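See structure below.
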Amino acid sequence: RSSLRSFFIAVAKHGEVVGCAAVCERRNQQEAELRRLAVDPTLRRRGLGRALVAAIEEHCLARGVSYLHATTIEPVSTRGSGSASLSPGLSLYLALKFEVESEHVEHG
């Protein structure tokens, strides 16, 4: 079993990076944090985000990680009617069965 430390993966289309994700060790070698998941907005909802998360999960499992945290800096967005909707990142994490541990909103 090799140490996780950090891992980065990217997806390219016609030589251009259209999606990426990074993961790093958290408190110990059994926990990791999924960071910087990004997909080109024009290519969302095509499975790229799911594929990136799946690759990160596979990499982590092979290294003995049993708990994967995911963070997003995207706030809950609002639509014109004033009703709230989930950000694309949070929507993806929830669809992949991640659970919300805490919420922190910065105002400024």
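Normalised by the number of residues in region 5-73, the mean separation of alpha-carbon contacts (under 8 Å, six or more apart) gives a relative contact order of 31 percent. For region 5-73, the alpha carbon convex hull comes to 85 Å³ per residue, rounded to a whole number. Per-residue surface analysis assigns LEU96 an accessible area of about 40 Å², computed on protein heavy atoms at 1.4 Å probe radius.
Can you compute the modelled spin-label distance between LEU61 and THR42, with each label point 7 Å from Cα toward Cβ, in nm? Inter-label distance under the simple model: 3.5 nm. Applying 1/(1 + (r/R0)^6) with R0 = 35 Å to the Cβ-Cβ distance of HIS69 and LYS13 gives a FRET efficiency near 0.75.
The values are calculated or read from the model by the stated rules, or taken from the named source; none is laboratory data. What you see is a predicted model, and the numbers here were worked out from it, not measured in a lab. Backbone-built Cβ (ideal geometry, glycine too); neighbour counts: all protein chains shown. Areas reflect the complete protein model, heavy atoms only, side chains present, ligands, DNA and RNA absent. Shrake-Rupley method; radii C 1.70, N 1.55, O 1.52, S 1.80 Å.
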